[in-house]
Amino acid sequence: MQLLSGNEACALGAIRAGVRFFAGYPITPSTEIAEMMSEELPKLGGIFIQMEDEIASICAMVGASAAGMKAMTATSGPGFSLMQEGIGYAVMTEVPCVIVNVQRGGPATGLPTKVAQADVMAARWGTHGDHPAVALTPWNVMESFLLTVKAIEVSERLRLPVILLSDEIVGHMREVVSIPESVPIYERKKPLKSADEYLHYGDDTNFDAPVAHFGDGYRIHISGLTHRKDGFPTNDPKTIAWKMDRLRDKIDLNRDWLHIEEHFDLDAETVIVSYGSSARTALEAKYEFERKSGKKIGFLRLVTLWPFHYKKVADLLQNAKRVLVVEMNQGQMIREISRVVHRGIDVVGVNRYDGELITPEEVLTKL
Amino acid sequence: MNQEIFNSLRVDDRLPHILCPGCGIGSAMNAMVRAISESGLEKDEICVVSGIGCSSRVPGYVDCDTFHTLHGRAIPSATGVKLAHPNMECIVIAGDGDLLAIGGNHFIHAARRNLDMTVILINNFNYGMTGGQYSPTTPQGKRAKTAPYGCVERDFDACKMAEAAGAVFVARSTTYHTPHLKGLIKQAIKKNGFALVEVISQCPTLYGRLNRMGDAVKMLEYFRDNSITVSQVKEPKDAEGKIVIGVLHDSEAQEYYDVYKKVMELAQKVNK
Amino acid sequence: MKKSYPKPVEYKAKSGIEIHVIKEFCKGCGICVEFCPKDVLNLGNDLKVNAPNIEACNGDALCELRCPDFAIFVKKLKKNK
C-alpha cells in the first residue's frame, strides 16, 4: 500500500506498462509526472529528456515511438494546444503514443493551479482535419494508474495516439492505493514479411499488427502527407479516401471494446452523468439525495470520453426522464449526451467553471 | 554498371524527382547520397529526417529509413529517433525557412544539447515550395513573393548562430562546389556531436527569377565567382559580400548521449 | 527493393570513356553542359543533354556529381585508383 498522488500513479502506470521514453516540458499541474520520469527512467535504462517546448516534446516522442520505444508525454492546457499538430501527425503516421493532459482552467494561461474539465472537445477536435481520437478520464488515483496502462495498450493496438484526460484535482490528490508490481506489457510484433513485400500501412497492419520501426532494416518512409499503403504521398482520390477510411475504422471497428464506463440504478427517472473529479461529487450528491428523499437516482460515469459510444449511451439512458450532466466547464459532454437522449427528455447541465471543485450541494439544487 | 548510386536511391516510380530543372537541392542530394555511401555506412544504419519544403522532399528519394516530419520539426523528431537508436546515424536535411524560422528554436537547442546528428541546411534564400516568399536568410532589399518592394528585414548567418549555440562542427559550401560539399558532409557525419553543413543553393524558378539572377547556370556562376575559402579570409573585410566556404568551426565537446549514459549509470548505482 | 530505371543512352569514346544519359530523368537545366571544362556536352533538339564531343571527355565526372537529377553518368577507363 502506498500514499500516491494521481500524477505519481500515472507515471508509475506508464513505467509498469513499458514506457521507456518520456519527452516533456514543465507545466503546472502535470510537472510531477515529468519529474518522476526523470528520476525513474534512467534507473531502467530508459530515456528522459526535457525538450525546449511542448512541440519539440511531442515530435521527439513520435520519433522515439516510430523507432520502437513505448513513449509518453504529459502536459496541461497551453501545452496541449501546442501539441495539436504533433497529435495529428501521430494519427496520420499511425504511431502509438500517450499524451497526458492534466486539465486546468483555460483558455490561454487561465488558471495554472486550479481545476477544470474544459479540454473535452479539444481532446476530440483539437487538431485539424478528420481524425479519430481516444480519450480516457480517471476519477481517482488508482484509475490514474490503471487508465495509463490501458491508454498505452490501446495506443499500441490501434497505432493511434491516446489522450489521458486527467485534471488538477485527480493529479494532485493523494490516496492510499495498492499498485500491482507488474502489469501485462503489450509487446509490439515484428513484421512477418520481408522488406521487399512489407507495406507500412498494408491492410493487415491496422489492428494488433506487426509493424516495422526505424532501425529494423525495413527502410520505411514515414510522412505526414496523405499517403499510399507504402507510405509515399498520393494525390489519387481513391487512395486518399482509402487512407481516411482506414483512420476512421480504427475507431469504428473498435468502438465496443474501447467503451469503458460504470453505472448504477439506471432504471431511475433521473440520471446523473459525469466523469473525472466531477463524478466524485456527482456520486456523493446521488447518495445524499437518496438518503434524504428515499428516491433512487441513476448514475453513469463515463471513463472513455472519446470515442463516445452513441448507441450504448442511448441504451443506458433510455429509461431516464431527466438527465443531469455534471462537468467543470460551460457544457461540453452535455452536447453528446443531448444528441442520444429522446426528444422531450430534460437534459440539464450542472456546471462550475470558476476553478473550484463542484460541490454536492450544487448538484442537489438541480435534483 | 556505373549507376551504382541507384543502390542508395529509391528509383522505381520515384525518380525523376519533383524538384525544378536546375534546382540546387538536386545537386545537394547527389552530394549527400554519395557522401553517405562513401562514409562506409550501411543503409540500415541511417535515418534521414526532414521537415516540410522542397529540401524536405529529399528523404523520399533515398533508400533507407526516412522520416518526413512537420514543418520546422525535423530536429526534435530526429532527437527522438537518435535517443531510441543511439547507434543509428541521423541526418537531417531541410531548408532555410524550415530550419531557421519555424524550426529556429529547435535548431538552437539541438546545437546546445550536442546530441550526435548531421544537419544539412539547404539555403536557397526563400520558401520555395509555397512559391518564393522571403525567409530568415533573404538579404535585405531582395525581392520575394511576400516582399514585392524588397525585403524589409535583415537576414542572419545560420553558421554563426549554430556556433554561438554550441555546435561542434559548422561548415558551408555551395551547389557549385559539389566535390567540396561531398567532403564536408562526410566530415560532418564522422563528427560525434551536432554538425551543421550549410549549402548555398540556387532556386532559379523563384528567388533567382524574382531577383533577376538568371538561370541555374548563371546562379552557379555567381556562387563560383563570389565564394571565398576560409583560409583566404585574412581580415573581416575580405569576406564582405562573399560566401565564405569551408570548415568554419570545428571543436570538441561531450556528446549528449555519452553524458546521458553516465546519468543512467549513476541512477542505477543509487538505486542499488 | 528492385531497382529498375530507364535504359540510358550511351555515348562511347575511342578511349573507352563512356557517358550514359538517362533521357527520362534529364530536365535540360544545362548545368552539366555549361560547366564541362572540355565542352563535351550540349542540349539537343529534345532539350536533353547529349555528348557530341565525347572524344574530348577526360572522365572528371563533374557532370555526374553536379547533376540535380541523376541523369548523367561517366564510365571511366578501367584504370584502378
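Could we say that A:Ser65 is touching a residue at least 40 places away in the same chain (Cβ under 8 Å), surrounded by fewer than 22 Cβ atoms within 10 Å (Cβ to Cβ) and in contact with a helix residue (DSSP H, G or I) (Cβ under 8 Å, 6 or more places away or on another chain) here? Criteria not met by A:Ser65.
Residue by residue, here is whether (1) β-branched (Val, Ile, Thr); (2) farther than 30 Å from A:Ala118 by Cα; (3) surrounded by 19 or more Cβ atoms within 10 Å (Cβ to Cβ) holds:
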{"residue": "A:Ala135", "(1), (2), (3)": "no, no, yes"}
{"residue": "A:Pro138", "(1), (2), (3)": "no, no, yes"}
{"residue": "A:Phe145", "(1), (2), (3)": "no, no, yes"}
{"residue": "A:Lys150", "(1), (2), (3)": "no, no, yes"}
{"residue": "A:Leu165", "(1), (2), (3)": "no, no, yes"}
{"residue": "A:Ile169", "(1), (2), (3)": "yes, no, yes"}
{"residue": "A:Ser182", "(1), (2), (3)": "no, yes, no"}
{"residue": "A:Tyr186", "(1), (2), (3)": "no, yes, no"}
{"residue": "A:Asp196", "(1), (2), (3)": "no, yes, no"}
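Residues of the stretch B:102-112 include at least one that is crowded, with 22+ Cβ neighbours inside 10 Å and free of Cβ contacts under 8 Å to residues at least 40 places away in the same chain. Scanning the stretch A:184-215 for residues that are of a type in the set (Asp, Glu) and either assigned by TED's automatic domain parsing to the domain that holds A:Gly231 or over 22 Å from C:Lys3 (Cβ atoms) (or both) yields A:Glu187, A:Asp203, A:Asp204, A:Asp208.
Evaluating A:Val62 against the criteria (1) under 19 Å from B:Pro76 (Cβ atoms); (2) more than 8 Å from every other protein chain (Cβ to nearest Cβ) leaves one unmet condition, (2). Residues in the stretch B:17-50 that are over 22 Å from A:Gly224 (Cβ atoms), surrounded by 24 or more Cβ atoms within 10 Å (Cβ to Cβ), more than 8 Å from chain C (Cβ to nearest Cβ) and small (Gly, Ala, Ser): B:Ala28 alone.
Residue check: is A:Glu327 touching a strand residue (DSSP E or B) at 6+ places or on another chain (Cβ under 8 Å), assigned by TED's automatic domain parsing to the domain that holds A:Arg280, closer than 17 Å to A:Met121 by Cβ and buried (at least 19 other Cβ atoms within 10 Å of the Cβ)? The answer is yes for A:Glu327. The criterion of being among the hydrophobic types (A, V, I, L, M, F, W, C), surrounded by fewer than 24 Cβ atoms within 10 Å (Cβ to Cβ), within 12 Å of chain C (Cβ to nearest Cβ) and farther than 23 Å from A:Glu52 by Cα does not hold for B:Cys54. The numbered conditions (1) surrounded by fewer than 21 Cβ atoms within 10 Å (Cβ to Cβ); (2) more than 14 Å from chain B (Cβ to nearest Cβ); (3) over 23 Å from A:Lys250 (Cα atoms) are all true for A:Leu82 except (2).
Among residues of the stretch A:269-280 that are in contact (Cβ under 8 Å) with a residue 12 or more places away in the chain and buried (at least 24 other Cβ atoms within 10 Å of the Cβ), those with a Cβ under 6 angstrom from a residue that is assigned to a loop (DSSP other than H, G, I, E, B) and among the hydroxyl-bearing types (Ser, Thr, Tyr), sequence gap 6+ or separate chain, pair up as A:Tyr275/A:Thr137; A:Gly276/A:Thr137. For A:Thr113, the criteria (1) assigned to a helix (DSSP H, G or I); (2) surrounded by fewer than 19 Cβ atoms within 10 Å (Cβ to Cβ) hold in every case but one, which is (1). Taken together, the residues in the stretch B:107-119 that are of a type outside the set (A, V, I, L, M) and within 14 Å of the chain's Cα centre (by Cα) amount to 2.
Mind checking which residues of the stretch B:135-159 are in contact (Cβ under 8 Å) with a residue 40 or more places away in the chain and outside any loop (DSSP other than H, G, I, E, B)? Residues satisfying the conditions are B:Ala144, B:Ala158, B:Cys159.
The values are calculated or read from the model by the stated rules, or taken from the named source; none is laboratory data. Just so you know, these numbers come straight off a predicted model, no measurement behind them. Using ideal geometry, Cβ is built from the backbone for each residue, glycine included, and neighbour counts are taken over all protein chains shown.
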